[in-house]
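The values are calculated or read from the model by the stated rules, or taken from the named source; none is laboratory data. Model, not experiment: these values are computed from the prediction. Using ideal geometry, Cβ is built from the backbone for each residue, glycine included, and neighbour counts are taken over all protein chains shown.
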Amino acid sequence: MSRKRIRQLLAIAAIVVMIVALWPSANSLYDLTGEETVPAQLRGVIHWLYSSVRPQPDHAPNQDIALADVSPFGMNTFLEQEVLLEVREEVLSMLHGAGFGFIRQQFPWEDIEIHGKSDFVDRRNDPEGVDSWDKYDNIVDLAEQYDIEIIARLDNPPAWTRTLTDTIGTHAPPDSLDDYGDFVEAVVSRYQGRIRYYQLWNEPNIYPEWGEQPVDPEAFTDLLCAGYRRAKAVDPDSVILAGALSPTIALDDRDLNDLIFLQRMYDAGAAECFDVLSAQGYGLWSGPTDQRLRPTVINYAHVILLRDMMVANEDAHKAIWVSEAGWNTVPEFMDDPYGRVSDAEQAKYAVQAYQRAQREWPWAGVVNYWFFKRPSDAEIDQPWYYFRLLEPDFSPSPAWSALSDYASSTEATSEKSQLTFTQQNFRSVLALSSGAVLFYLLLGYLSPRRDS
């Protein structure tokens, strides 16, 4: 047998070994790459070969991880915008019936402490005023009635908290961290024993979520720590989620790469100021099975890179909860800034997103789908509207039908992470070894040889 033929066989063997090592369930190019079309699968194979011989993200799968062993089924809701009490109840009744155990629900500061410090009376539409807590009390009552946990998102300061009022943007942080701390304390005090989970802020690394000013990881860390300390002083059992970082590759004042932003948070001492890291899990232009994992690729798997950074900063004992995950069905005649999928693809991807998190990410907790429904179709001309699972009149999409069927099934409760730490280490060593062999053989093709 010629040397050339031997090298070809060894190269094929090395590739097969790597496939077995890294992807024991790979029976097709789809299993290997997560891509659905042949051209994308071929590109995925090239990426897979390239990445398989590089250092892999450290998941620390053997680590004892707090708050990862929870129901993964969460949903983003806008109950504070629903005027009718019966509509709020119908939303929570449907979610409970479908097997959802969490809602991520905003408690906007500007809608609670509206007109001034310690003023919790809403006089925007009634000079006599109404208690601004009333609607939120109702939401908490209904959540308890339907056995659903609330992740309360605390952000959106009122204009009186800033010297520049709303000229700096309605999402800009307050001038005083004490004002934010007082608001966090007020919410946690009111709902102690009824709400356990609080997310402090949202997407501080992108415009406009930090207002009309440059994003600032250090300033956000100060705000996070202020809220954390005040919440824990009132309720030591409260669980604080760091404001979800938006996945982006941008490197400017307006938007900052989430990995860089997170590292700067850690450098500023953020590790002491949150119990769970929250992240966004959008698929954009690919499905949840997409295996590409590079800082320059934004896909559902991007969250793995955040996990790797947590491990590197000795924070592996904390879970990641996905604050928003979803796929957009925007019509063809509109722009697609969030990607575009068909109704059938959205339905398939919604289920696969939960399956992947349950099977492959033992460090992941709740995955909150974005989003259930809006109170009206006033934003139907906005691309982001088409993440919805139901229309305002409760007409369901195929994605809601598929997701509710899955979340309430026995299959959903039996999903388990598949690899132990020992198995993963063994396969990693095997993959790297076979990758080195393959690399050596490929180099051999570049050198002139005389076959025997």
request  = State whether the residues of the stretch 365-374 include one that is in a loop (DSSP other than H, G, I, E, B), closer than 16 Å to Pro288 by Cβ and among the hydroxyl-bearing types (Ser, Thr, Tyr).
outcome  = no
Per the filter on the stretch 314-337, residues under 15 Å from the mean Cα position of the chain (by Cα) and of a type in the set (Ser, Thr, Tyr) are Ser323
Given (1) among the charged types (D, E, K, R); (2) outside the structural domain of Ala357 (by TED's automatic domain parsing); (3) in contact with a strand residue (DSSP E or B) (Cβ under 9 Å, 6 or more places away or on another chain), Glu149 misses just (2)
Condition set of a type outside the set (Gly, Ala, Ser) and touching a strand residue (DSSP E or B) at 6+ places or on another chain (Cβ under 6 Å), scope the stretch 278-306, selection farthest from Asp336 (Cα to Cα): answer is Leu306
Taking the stated definitions as given, is Asp137 among the acidic types (Asp, Glu), out of contact with any Gly (no Cβ under 6 Å at 6 or more places or on another chain) and part of a helix (DSSP H, G or I)? yes
On the basis of being modelled with pLDDT of 65 or more, outside the structural domain of Val140 (by TED's automatic domain parsing) and either surrounded by fewer than 18 Cβ atoms within 10 Å (Cβ to Cβ) or farther than 30 Å from Gln145 by Cα (or both), does Asp31 make the cut?
no
Output for Cβ contacts, cut-off 9 Å, separation at least six or different chains, first residue assigned by TED's automatic domain parsing to the domain that holds Phe274 and among the polar types (S, T, N, Q) in the stretch 297-317, second in a loop (DSSP other than H, G, I, E, B) and surrounded by fewer than 18 Cβ atoms within 10 Å (Cβ to Cβ), reads Asn299/Trp285
message: Residues that are at pLDDT 95 or above, aliphatic (A, V, I, L, M), closer than 18 Å to Pro362 by Cβ and outside any helix (DSSP H, G or I): does the stretch 69-83 have at least one?
response: yes
